[in-house]
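One structure is given here, and the rest of the page talks about it.
The values are calculated or read from the model by the stated rules, or taken from the named source; none is laboratory data. The structure presented is a predicted model; accordingly, all values stated were derived computationally and were not measured. Positions of Cβ are generated from backbone atoms using ideal geometry, with glycine treated the same way; all protein chains shown enter the neighbour counts. Surface areas here come from the heavy atoms of the whole protein model, side chains and all, with no ligands, DNA or RNA. Shrake-Rupley method; radii C 1.70, N 1.55, O 1.52, S 1.80 Å.
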Amino acid sequence: MGPNGAGKSTLGHVIMGSSLNTVNQMVGYYNAQLKAYPSVALGEGGAPDIRTFCTILCEEAAAEGVRAEIVFTQAMLETGWLQFGGDVKVDQFNFAGIGATGGGVPGNSFPDVRTGIRAQVQHLKAYASTEPLNNPCVDPRFHYVTRGSAPTMEQLSGKWATGSGYGQSLARILTGLSSY
């Protein structure tokens, strides 16, 4: 596939595979949003700055064969660029709303940034693949997923989140990342 179609199938952006983006691109894209990074709260969880956060994210994605840019895109959408403000709070280290069902239900909490990202990566892998996990499972909702039911980001609509436009919202953020 050419540079504009890299990582994209006829059904959308594939979740599994090697990352097509770098930590530097993620950091640049995040910084361009002009949002204050929650350095104190996330620092307590092991990621005092956006570069450390993105490095952990890329390491965890690579460990399971999930494309890091999909993990990054989803974390930014789910947390409002790490501003939180919804049912999930920053100190839960839950970057993808795992277990949050709306109406004030806060969802799952994780002990640190790496574990929260690992749970997100594992949850994405559950949807996108039938391959076994490489790391011990930390995703409390892993076994509720129909394995391999959403191999593309767009197919997460109605599965990860109830909204039919969820995949398209993710795609808009992902498109922006490619310009950094």
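What whole-number value in Å² describes the accessible area per residue of the chain for a 1.4 Å probe?
Details: 8040 Å² over 180 residues.
Heavy-atom accessible area per residue stands at 45 Å².
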| said: Quick check: at a probe of 1.4 Å, how many percent of the accessible area of the chain sits on carbon and sulfur atoms? | reply: 53
| query | Which number gives the lysine pairs in the chain that have C-alpha atoms under 21 Å apart and are eight or more places apart or on different chains? | reply | 4
| Per-residue HN-Hα couplings for the stretch 103-111, Karplus 6.51 cos²θ - 1.76 cosθ + 1.60 at θ = phi - 60°, whole Hz, x for Gly and Pro? | x, x, 6, x, x, 7, 10, 10, x
| said: For the ranges 31-43, 160-172, 71-83, 112-124, what's the packing order if you count other beta-carbon atoms within 10 Å of each residue, average per peptide, and put the highest first? | reply: 112-124, 71-83, 160-172, 31-43
| In order through the stretch 17-29: 3J(HN,Hα) via Karplus (6.51 cos²θ - 1.76 cosθ + 1.60), integer Hz, x for Gly, Pro | x, 6, 5, 9, 10, 10, 4, 4, 5, 5, 4, x, 5
| request: Take the alpha-carbon centre of the stretch 135-180, take the same for the stretch 25-78, and report the distance between them in whole Å. | output: 16
| query | Any idea what the dipole of the chain comes to, in debye rounded to 20, about its Cα centre with Lys/Arg Cβ at +1 and Asp/Glu Cβ at -1? | reply | 320
| Can you give the helix-only mean residue ellipticity at 222 nm for the chain, where every DSSP H stretch with n ≥ 4 adds -39500 (n - 2.57) and the sum goes over all residues, rounded to the nearest 500 deg cm²/dmol? | -12000 deg cm²/dmol
| Estimated vicinal HN-Hα couplings, Hz - the stretch 146-153 in sequence order (Karplus 6.51, -1.76, 1.60; Gly, Pro = x) | 6, 4, x, 7, 9, x, 10, 4
| field | Approximate spin-label separation Thr55-Tyr180, in nm, with each point projected 7 Å along Cα-to-Cβ | value | 1.7
